[in-house]
1. Among the residues of the range B:276-313, how many are aliphatic (A, V, I, L, M), in contact with a helix residue (DSSP H, G or I) (Cβ under 8 Å, 6 or more places away or on another chain) and within 21 Å of A:Pro101 (Cα to Cα)?
2. Return the residues of the range B:256-273 that are more than 8 Å from chain A (Cβ to nearest Cβ) and surrounded by 15 or more Cβ atoms within 10 Å (Cβ to Cβ); say none if nothing qualifies.
3. Of the residues A:Leu112, A:Leu167, A:Leu145, A:Leu98, only one is at the interface with chain B (Cβ under 10 Å from one of its Cβ atoms), surrounded by fewer than 22 Cβ atoms within 10 Å (Cβ to Cβ) and of a type in the set (A, V, I, L, M, F, W, C); which?
4. From (1) within 14 Å of chain A (Cβ to nearest Cβ); (2) farther than 30 Å from A:Leu159 by Cα; (3) exposed (fewer than 12 other Cβ atoms within 10 Å of the Cβ), pick out the condition that doesn't hold for B:Gln337.
5. For the range B:279-293, which residues satisfy the criterion of being surrounded by 12 or more Cβ atoms within 10 Å (Cβ to Cβ) and at pLDDT 85 or above?
6. Going through the range A:150-200 one residue at a time, which ones are acidic (Asp, Glu), closer than 29 Å to A:Tyr81 by Cβ and free of Cβ contacts under 8 Å to residues at least 60 places away in the same chain?
7. Checking the condition of a type in the set (D, E, K, R), at pLDDT 90 or above and loosely packed, with under 15 Cβ neighbours inside 10 Å, which residue from B:Glu226, B:Glu212 passes?
8. Please verify whether the range A:66-82 includes one or more residues that are touching a residue at least 24 places away in the same chain (Cβ under 8 Å) and within 9 Å of chain B (Cβ to nearest Cβ).
Amino acid sequence: MNDPVFALTDIDYDYRDQPALAGLSLTVQSGERIALIGPNGSGKSTLLRLLSGLTFAASGRAEAFGAPLTEARFEDEQAHYAFRRRVGLVFQNPDIQLFNPTVFDEIAFGPLQLGWDKPRIRLAIEQQLERFELTHLKDRAPHRLSGGEKKRVALASVLVTEPDVLLLDEPTAALDPQSRDKLVHFLAGHLGEGRTVITATHDLDILTAISTRSVVMAGGHVVGDGPVHDILHDTDLLRRARLTHAHVHHHANGSPHAHHHVHALDRDGHVHG
Amino acid sequence: MDGEKGTAAGANARNTPLCPAGHLPLKGGDWLGSPASEKSDKEAYEHVASENTSESPILGSNGTRDSISPLEGEMAGRPEGGGQLQAPRRKSNRRLFRTPSHLLHALTHAMEAEELADRNGLLQGLDPRAKVAGAMLMVIAATMLHSLIGLALLFGFAVLLALASQIPLMRLLKQVWLGVLAFTGVIALPSPFLVPGKVVATLPVLDWTVSEQGLRSAGFLIGRAETAATFAALLVLTTSWPHVMKAMRALGVPVAVVAVLGMTHRYIFVLMTTAAQMMEARRARQLGPLKAADQRRLIAGSAGVLMSKTLAIAGDVHMAMIARGYRGEIRLIDDFQFRARDGVSLLLALLVPATIFWMQR
């Protein structure tokens, strides 16, 4: 077993006097690819912000890389930069994430803050532009890009510093099917390079492609945790977590019927659980 | 619908009944609104009209009902360009933005400017730092000139640069010259009458005298403003805004100023899009025209919502910056290349005010 990257024990966090995380406990091992699933308001985004050191637990114990994940820790400049180099967060809304005037500047932002020298930054930017097929857009303003392009720029701007841990908040939200497939292809292909990846998503279709472990959240705490296939077949759990609904459909050569089920895409094709 | 006024298409649209596809029309056609008596509809119209000073969304412009299907035997669907529901026509132009399209038009305008900056023109091919410095030197030259002929020559030079950079003169006329003329013209207007000097004319009725010195003074004010504004416009129309800001940073403008300008430019588009969507959503749910007081209340409410959204975005953007290592100091990288032609251009730009200074010693 690898060393834990994150170890959270009995975490509470309130947002505007409403409990966003309530008694949450979770351990994340290095190299794991985890999908955080849960209905709206279950605390997924709050958990990602906590894991990325943007918000801090009101009570409970949070550790990252063996050190406490507290506000006091980030007051130290060296600790701040060391943590930011190791953990990257891709926000759900790319208009929030992409605040620089051009794509080039957007990708350069992180390395510049971390104090890299300029030749190294230029090389890293070129690599990311090529990796995410963005070279032709490098001088464009982010607000003029399509949704899929924005997401790819957001990913490139975070991955340019090669973080050990990548946190993704609803990466496929509001994307058309082709853009979504392209992004899933990137997530499945490029990111499984020994990196720890935690993805918050509603999109059960992509779970098997982007993760091996699934954590189900509801009411600010973990209500299910296990291998993706086990979670996807636990229809009771998914129904309780408001992640499935029954609708009338029919299978090939079958008569129309209705039951709770999920569709999932894995590398071998379509799974109907 | 206003755009169709007076055209054949517009007349058809107003007179042809509306008929949903697949709907079998009845003898006499179907009509919007209740099939009750004409009198009650008229009363309803008059009631709405008296409260809103605009036309009813239910009744046509002449107070009659709008049909929703043609007479029996006519084709269903939307034949002959007709069948369009009369949009309530607004008589008031006094609202801040009459339609969301006004906001989106501003976005389009900004994008067109970026398209001009991408063209293969003379100024577009220069290093942004040379252009920013050159534009500043030309503005200085315009303010230094003590000769109207010299000012006219400098203005002519700006026009030549615009033509060589594929900037439409009509755009400069609408965006720069008329606006500057209106603004400085108001300031310069009293000058011919108030500045003492050689009288060149007298106004017939008022008997006010016009002095040569006053006219020259007004000419200098307007000429300098027009020339300086033209060079500034050429800079921003031939250089993408991000490059203008980077060049400003490279020329020593404080990083905080550049960062604030950059963020403003970046998020003004997000907020304008949000504002346009809010207005569109409001219109989609608005069943009839609003009273002026209600409109003002709605605009104030929308401004408040937009402000709170702005604050939320500001907080989230700050978090996104922190997540990528930001600790209060913005660092920028530039990818400019200063070539020989940039050096020559800058030298020429430097020579203009230097020559003027030398000649006017």
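1. Number of matching residues: 1.
2. The answer is B:Val258, B:Ala259, B:Leu261, B:Leu271, B:Met272, B:Thr273.
3. Result: A:Leu112 is the single residue among A:Leu112, A:Leu167, A:Leu145, A:Leu98 that is at the interface with chain B (Cβ under 10 Å from one of its Cβ atoms), surrounded by fewer than 22 Cβ atoms within 10 Å (Cβ to Cβ) and of a type in the set (A, V, I, L, M, F, W, C).
4. (2)
5. Matches in the range B:279-293: B:Ala292 only.
6. A:Glu162, A:Glu193
7. The conditions single out B:Glu212.
8. Scanning the range A:66-82 turns up at least one residue that is touching a residue at least 24 places away in the same chain (Cβ under 8 Å) and within 9 Å of chain B (Cβ to nearest Cβ).
The values are calculated or read from the model by the stated rules, or taken from the named source; none is laboratory data. Every value quoted in this text rests on a predicted model; they were computed, and no experiment measured them. Glycine also receives a Cβ, built like all others from the backbone with ideal geometry; neighbour counts cover every protein chain displayed.
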